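Below is one structure, written out as structure tokens, with a few remarks after it.
Read-outs: derived from the displayed coordinates by stated rules, not from any lab. Source: prediction; values computed, not measured. Note that each Cβ is placed from the backbone with ideal geometry, even for glycine, and that neighbours are counted across all protein chains shown.
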Amino acid sequence: MQGIIRQLVIILMDTMDSLIAIAAAFLYTMAISTIIPGLVHQTGIRVKTVFISALLALAFHAWLLGDLIFNASGQNLSILNVASLISLIISLVMSGAMLKTRLWFILPVVYSFAALNLMAATFLPSTFIKHLENDPKLLMHISLALFSYATLTVGALYALQLAWLDHKLKKKKALVINPNLPPLMMVERQLFKIILIGNGLLTGTLLTGFIFVQDMFAQGKAHKAVLSFIAWVIYSILLWGHYQKGWRGQKVTWFALAGASMLTLAYFGSRFVQEIILR
């Protein structure tokens, strides 16, 4: 009898998780569908509708992700859970920034990835159990890695927006008539602030990895350290080039995207193959 009750509880919890994921995805979609018409038709965007929809979506996202990651066995840091967590962090940051800056061009991309990652983590579950409560040094390293990747991914999105605005200006398509787009120079200033912060976090990630992670260069892990270091070099060169040589335009975009690509390969490359393709 107890076994039947336990099975019913598990089924009920799984159903609840599925409903929460669907509700969050619906709310993300509602926010996106409110933003896009304003961008396309150059009309006003209902900020309150977007903010409330995004706030509810983020609340459901965080609630569900807590259930997916934290369980009796430890912390389930599967690749899909980590991707969903990073999407949540990025969405929280961008939603907060929305109140001060016109980020309408970026938000649909951010919310789309958040919805897709949450649905994947819910309906394609995988397991990679850790016990971070027993290793605070590893927890520090992983936290720095998550926040550095999230910050530099936001930087890559800003770089794409910068490239798009620059392209429109060079084509002499008047952007001033669209009140939903931010000024080019403001986007550039914010981009380099974000990259500066992200590279600082990445520096901390590499240092804590070298100091605290004993098997950092073991088989199957060495590529993470190498690719992360390459990304750090790319971002450092970009910052030096901008502040010392005045780099702007396409060069900045390519460097930002190259750095983000290196980090994506470092963090998710081998684990995607192991946990998703070969499982």
- Message: Ignoring everything except DSSP H segments at least 4 long, calculate the 222 nm mean residue ellipticity for the chain; use -39,500 (n - 2.57) per segment, divide by total residues, nearest 500.
- Response: -27000 deg cm²/dmol
- Message: Compute the distance from the alpha-carbon center of region 113-157 to that of region 53-92, in whole Å.
- Response: 8
- So for region 1-130, what percent of the C-alpha to C-alpha distances run longer than 26 Å? 28
- Message: Just want the answer: with Cβ charges of +1 for Lys and Arg and -1 for Asp and Glu, which residue in Asn81, His61, Thr101 is farthest toward the dipole's positive end in region 1-130?
- Response: Thr101
- Message: P(r) for region 186-264, please, calculated from all Cα pair distances in 5 Å bins and given in %.
- Response: 3, 15, 25, 23, 14, 9, 6, 4, 0
- Summing +1 per Lys or Arg and -1 per Asp or Glu among the other residues with Cβ less than 9 Å from Leu181's Cβ gives +2
- Query: Of Leu184, His131, Ala115, which is farthest on the positive side of the dipole of the chain, counting Cα position, with +1 on Lys and Arg Cβ, -1 on Asp and Glu Cβ, and the Cα centre as origin?
  - Reply: Leu184
- Among (1) 64, 42, 41; (2) 55, 48, 46; (3) 72, 45, 30, the entry matching Cα extents along the principal axes in Å as calculated here is (3)
- Task: Can you tell me the dipole magnitude for the chain around its Cα centre, using point charges on the Cβ only (Lys, Arg +1; Asp, Glu -1), in Debye to the nearest 20?
- Result: 1240
- Lys and Arg at +1, Asp and Glu at -1: neighbours of Leu107 with Cβ under 15 Å from its Cβ sum to +4
- Amide H neighbours of Trp247 at under 5 Å, excluding residues fewer than 5 places away on the same chain, with H built from the backbone geometry, are His242
- Result: in the chain the number of Lys pairs with C-alpha under 20 Å apart, spaced 8 or more or on different chains, is 11
